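The values are calculated or read from the model by the stated rules, or taken from the named source; none is laboratory data. This structure is a prediction, so every number in the text was calculated from the model and none was measured. Backbone-built Cβ (ideal geometry, glycine too); neighbour counts: all protein chains shown. All accessible areas refer to the heavy atoms of the entire protein, side chains included, with ligands and DNA or RNA removed. Shrake-Rupley method; radii C 1.70, N 1.55, O 1.52, S 1.80 Å.
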Amino acid sequence: MRLFWVIIFLGLLGSCNKGQNLHVASPEWRDQIIYFLMTDRFNDGDKNNNDQGANVYDPSKESYYNGGDLQGVIDKLDYIKELGATAVWITPPVANLWYNPAIGHSGYHGYWARNFKAVDEHYGNLETYKTLSHNIHEKDMYLIQDIVINHTGRFFQYEGQYNPKNTAENFSLISGSQPSAAPTQEPFNLIDRNNPDHVVADIYHWTPEVIDYSDPNQEFTYQLSGLNDVNTGNPVVRRTMKDTYHYWIKEVGVDAYRLDSAKYLEHDFLQDFIHAEDGIKNSAAKTGRMAFPVFGEIFETSPPMHDQGELKIASFQGTDDEPQLPSAIAFPLYEEMTRVFAQGRPTSNLTYRLNKQMEAYSDPYIMLNFVDNHDVQRFLKKGSLAAFKQALAMIMTVPGIPVIYQGDEQALLETRQTMFAGGYASKQDHFDTTSEMYLYIKKLTALRTNNKVFSRGSLEILGDNGTGPGALAYKREYEGATALVIFNSADHKTLLSNLATGLQPGQKLSLLSGEDFDNDLQVDETGVLTLELPPRAILILLAGKPMDLVVQENNQIQIDQDIDGHILLETTSISGSVSQADTALQLVIDGNLDRATAIQADHEGRWKTDIIVEDLGQEKHIFQLYASSLGVVSDQQYYQTNVLTPQIDITVSDALGDDLGPNGNYTKPSESSFQSQMDIEQVSIKAGGKNLGLTIKMKEIKSHWLAPNGFDHVVFSIYIDLPEHQGMTDLPLLYAKAPEGFSWDLGHMLFGWGNQLYTTEGAGSLKLGHNLPIAPEFTVDQAARTITINYKGTTLGISSWEDAKIYISTWDSSGGDGHYRQMTPTGGIWEFGGGHTDDPHILDDMTPIRITK
């Protein structure tokens, strides 16, 4: 009976919308593939709306309107559909604050609303938006609208000390905003703390910016990045927000919402807004949408092998009795994929993360999995193309809805680069349907769409590497179909040994998709799989029927010593036997076949070798003996090395208060969170064997912006000059030369949202060099004001650090994209002062330190 009335209602809606296909039944969301685009940066379909006469249109600048619009999205729907996406997520299309003179930026992105219930003039109008919805639905796709509730644009601010007992003190309205000095939608126009009527209306929290993100009161009631915080506890606000977001569903035919800044909204608000009788869920149901997800943005990540990010996100999903967000964005998985695929962390980290994703969330199958988005540094700025393909293959083959961010399919490098020619960072269009990445993603989307085992199946991790990059394997099962996915995250050949698949003896594995691998496989008589994985291999396999097996001899490799779980303090000898005499063996450490030690068994099958222990620090390792000619591998043994005494130990101090640039006249940005985070106090270096430990002590370490690396407002540019190497003297992006007598061979950029090593290959004064596929591990101790970085020579091809030199400088970047902040003669809220654009971007530095005994 309910379905009958839904059909009738849909018919009435259709007649009201002049034949437009705005209202469609909800899809099975777990089967969808989302294409996420920034409207202003995607495609310029109507040049007539670019310049609204407010001097905020400048396609050469990242911070201004560039010209993308809703008509541009309409024009490129076939491009999106051919890629294999089934849903289109657009940034907020609502009328925005066009220009904020307090920070000198425009609201091109859509997240600074002045009217939540109107389309921004730069994007088109309501009819254009309806046409977009109609065309999306005509192509059997779905429309996801990004929405904001937590805040409006920045129309008022606090200048000076905030007094919570007198919130009128130091309050000021911002003048000169475009196109209006206040929101135009009631009641959000009531912005003046000094107007008694506005105070009584209580539409806003009269608060300054969040400083302490661990304080729930600040998190829920203070201003995020200076954006005016809406009082979502006010019934008038709640009714208005429900009415506003009912409107977009009914009038335009939106199929789902992505909720920006959801973690700054009170839990009871989310329950009321989505699940109340007059909430969004019921409103959507009246249009035939029986499954209307709200994908919440809770930007929280987790350190390796910890789950605080998942727990924070899950807390916003509520309970069965008191539900809140039905889904959210999987930020912890995003961060872990970066660590493993781009930075060379152990693949066991992803085992932990995937298992936590399955355990923590109310429905992991509709969580949004992504590799890139509009708020973070693009993967290809910190990882290789091969690593990028692996991350994309993962989101297409694990539970959760994969999200493709615009430009991923064209291997773009800049976070908010336009897809169209003439816009920010783009001299040409980027809509090439024959490009390598477009075709690669198209292959992955077809694989996922045609095999429901990847969108609906169970998940079981089969194998990983707990010591570093290497093998990772998992199994998916659904309605009789079984798939295996295998990665080698290392840039070297890796041994995948004795993988227990749970398959039947001799069962065939057909290769659905492979990178650097093109063979079908077959498990042995026990369902086990052993193979050599090429560097960066990806295998996506579908299990078939058992096949005839060639029975192999029962060859074995024995190890005399049992050091499993032992701590080794010095080089240790091991020995054993192999069942066939004169066999060539390899000692394989951590699965790395490229660095395996060759061993020859004698005429009695005996062998002997050493496990070398010399590298400074505590390290976990695995060793195995492998006879490739026999296809046999010994059991794994785990051990830990412990070398605590460095061969080299150096400490150098730096004067405090000298974070003023090369000539002592630079000024930091005036925004209140900039303090002494770029002032170096001391550097300590400890080296032993192939390992180097670098500890930088700062005057201050803060994390105002919850950067995933645990600190912000400083970029460390670290350069290493290796002896007997011909290096460079240009310091990329710093507009500076290296100190006299120093030429770098290895560069390291470390900041709150990024950690990347690069070489001189391809480097220049305005370009970093070739990204290395690994990044050093580091720890942050805010109490001690230290950041300790560990460089492993084994992964860098460095056998000794003796006589190398290190040069360290500091500056800051503009958030997650890693762009160094600009400098002007006068400075500004977010700009350094005291110099020109092309003056050295160095606030503090250390004289180069030679690593010597």
Quick calc: nm separation of the 7 Å Cα→Cβ label points for LYS165 and ASP212 -> 1.8
Whole-angstrom gap from region 589-659 to region 357-412, using each part's C-alpha centre: 33
Residue-ordered couplings for region 767-773, obtained by feeding phi - 60° into the Karplus form 6.51 cos²θ - 1.76 cosθ + 1.60 and rounding to whole Hz (Gly and Pro as x), are 8, 5, x, 5, 5, 7, x
The lysines whose Cα lies under 19 Å from the Cα of LYS263, excluding any fewer than 8 residues away in the same chain, are LYS242, LYS312
Checking the table LYS620/LYS792; LYS493/LYS545; LYS47/LYS76; LYS381/LYS767; LYS382/LYS805; LYS381/LYS690 against a 18 Å threshold on Cα-Cα, which pairs fail? LYS493/LYS545; LYS382/LYS805; LYS381/LYS690
Expected vector for region 820-837, Karplus 3J(HN,Hα) from phi with 6.51, -1.76, 1.60 and θ = phi - 60°, integer Hz, x for Gly and Pro, equals 5, 5, 6, 10, 9, x, 9, x, x, 4, 10, 10, 6, x, x, x, 10, 3
C-alpha long axis of helix 235-252 to longest principal axis of the chain, angle in °: 80
Counting only protein heavy atoms, what percent of the accessible surface of the chain is carbon or sulfur at a 1.4 Å probe? 48
Residues THR433 and THR729, FRET efficiency given R0 of 51 Å [Cβ-Cβ distance, rounded to 0.05]: 0.75
Value at 222 nm in deg cm²/dmol, rounded to 500, when DSSP H runs of n ≥ 4 in the chain each add -39,500 (n - 2.57): -5000 deg cm²/dmol
Listed residue (ALA391, GLY468, LEU656) projecting farthest to the positive dipole end of the chain, Cβ model: ALA391
By its C-alpha gyration tensor, with a ≥ b ≥ c as the square roots of the eigenvalues, how is region 242-401 shaped: rounded for a/c under 1.5, else prolate for a/b larger than b/c, else oblate? prolate
Which ³J(HN,Hα) values in Hz, rounded to whole numbers, follow from the phi angles of region 343-351 under the Karplus curve 6.51 cos²θ - 1.76 cosθ + 1.60, where θ = phi - 60° and Gly and Pro get x? 10, x, 6, x, 5, 4, 4, 6, 4
How about LYS697: which aspartates and glutamates have a C-alpha closer than 19 Å to its C-alpha, ignoring those fewer than 8 places off in the same chain? ASP649, ASP654, ASP658, ASP659, ASP679, GLU681, ASP712, GLU777, ASP781, ASP812, ASP844, ASP845
Built amide H within the under 5 Å cut-off of LEU746, gap 5+: ILE720, LEU722
Give me the aspartates and glutamates in straight-line cross-link reach of LYS286: C-alpha distance below 16 Å, same-chain residues under 8 apart excluded. ASP243, GLU251, ASP255, GLU277, ASP278
Placing each pseudo-label 7 Å from Cα in the direction of the beta carbon, ASN663 and GLN561 end up separated by a distance in nanometres of 6.3
Sequence-separation-based contact order of the chain, relative, with Cα cut under 8 Å and 6+ spacing, percent: 8
Pop the C-beta distance of THR319 and ASP582 into the FRET formula with R0 = 45 Å and round what comes out to the nearest 0.05. 0.10
May I ask for the angle, rounded to the nearest 10°, between helix 436-450 and the longest principal axis of the chain, with both axes built from Cα atoms and the value confined to 0 to 90°? 90
Please state the relative contact order of region 323-450 as a whole percent: Cα pairs under 8 Å, 6+ residues apart? 22
How many Å³ per residue does the convex hull of the Cα positions in the chain occupy? 172
Under-5 Å amide H pairs with ASP615, H placed in peptide plane, nonlocal only: LYS690
Compute the distance from the alpha-carbon center of region 126-192 to that of region 817-835, in whole Å. 27
What FRET efficiency, computed as 1/(1 + (r/R0)^6) with R0 = 25 Å and r the Cβ-Cβ distance, is obtained for ASP51 and ALA25, rounded to the nearest 0.05? 0.05
Which whole-number value in Å² is the accessible area per residue of the chain, probe 1.4 Å? 38
